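Structure first, commentary second.
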Amino acid sequence: MVKNCDPDTINSVLKRIKQRRSQWRLSPRRKNLLMLSRLGIKHSLVFDIINQQLTWYNYISGPESDNHEPPFPGDIWVFGIVIQGYECYLKFQDKPNGIVMWISIHLAEHKLIFPYTKN
């Protein structure tokens, strides 16, 4: 089930994951690897960009439950940002063991809808 959060909750989640930047991991999905190739940079630099740019304004949805059978523990969050001129879809799972698994870092395939926008 998709739930929308308030900005304070989103900020709290972002603060927690940014404090664990050294524990970020990228899923080796084809879409993610193609995006890195298109950008011409390593995932560590993409992580640095995300770490610097991501705010509650970039929030799309979450927390969501994992949809695997059986589900992996940890909330899933969806955001979107522009990286080197490309609108990117971001999805991560905040795992109980402290790992932040970036499931998706790739070109947005659909229009991204942000419930909070800058005025």
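The values are calculated or read from the model by the stated rules, or taken from the named source; none is laboratory data. In this text the structure is predicted, and so the values were computed from the model without any measurement. All Cβ positions, glycine included, derive from the backbone under ideal geometry; neighbour counts span all protein chains shown.
Yes/no matrix, rows are residues, columns are (1) in contact (Cβ under 8 Å) with a residue 12 or more places away in the chain; (2) among the acidic types (Asp, Glu); (3) touching a Leu at 6+ places or on another chain (Cβ under 8 Å):
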position: GLN53; (1), (2), (3): yes, no, no
position: GLY62; (1), (2), (3): yes, no, no
position: SER65; (1), (2), (3): yes, no, no
position: PRO71; (1), (2), (3): no, no, no
position: TRP77; (1), (2), (3): yes, no, no
position: ILE83; (1), (2), (3): yes, no, yes
position: ASP94; (1), (2), (3): yes, yes, no
Among the residues of segment 72-85 satisfying the criterion of being buried (at least 18 other Cβ atoms within 10 Å of the Cβ) and among the hydrophobic types (A, V, I, L, M, F, W, C), which is farthest from the chain's Cα centre (by Cα)? ILE83
Under 9 Å by Cβ, and 6 or more places apart or on different chains, what pairs join a residue from segment 33-48 that is at negative phi with one that is exposed (fewer than 13 other Cβ atoms within 10 Å of the Cβ) and at pLDDT below 95? LEU36/LYS42; ARG38/GLN84; LEU39/GLN84; ILE41/GLN84
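Does segment 36-87 hold any residues that are aromatic (Phe, Trp, Tyr), in contact with a Phe, Trp or Tyr (Cβ under 7 Å, 6 or more places away or on another chain) and not in a helix (DSSP H, G or I), and which are they?
TYR59, TRP77, PHE79
Suppose we filter SER12, SER22 for residues that are of a type in the set (Gly, Ala, Ser) and over 21 Å from THR117 (Cβ atoms); which single one remains?
Working: SER12 fails: over 21 Å from THR117 (Cβ atoms).
It is SER22.
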Any residue that is of a type in the set (Ser, Thr, Tyr), exposed (fewer than 15 other Cβ atoms within 10 Å of the Cβ) and under 21 Å from SER65 (Cβ atoms) - is there at least one of those in segment 10-28? yes
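Out of the residues in segment 58-71 that are of a type outside the set (S, T, N, Q) and surrounded by 14 or more Cβ atoms within 10 Å (Cβ to Cβ), state the one that is nearest to ARG25 (Cα to Cα). Before you say what the answer is, go through the steps one by one.
From segment 58-71, those of a type outside the set (S, T, N, Q) are 59-60, 62-64, 66, 68-71; that's our starting set.
Of the ones still in play, those that are also surrounded by 14 or more Cβ atoms within 10 Å (Cβ to Cβ) are 59-60, 62-64, 66.
Details: TYR59: 20, ILE60: 21, GLY62: 19, PRO63: 19, GLU64: 19, ASP66: 17 Å.
Ranking the candidates gives ASP66 first.
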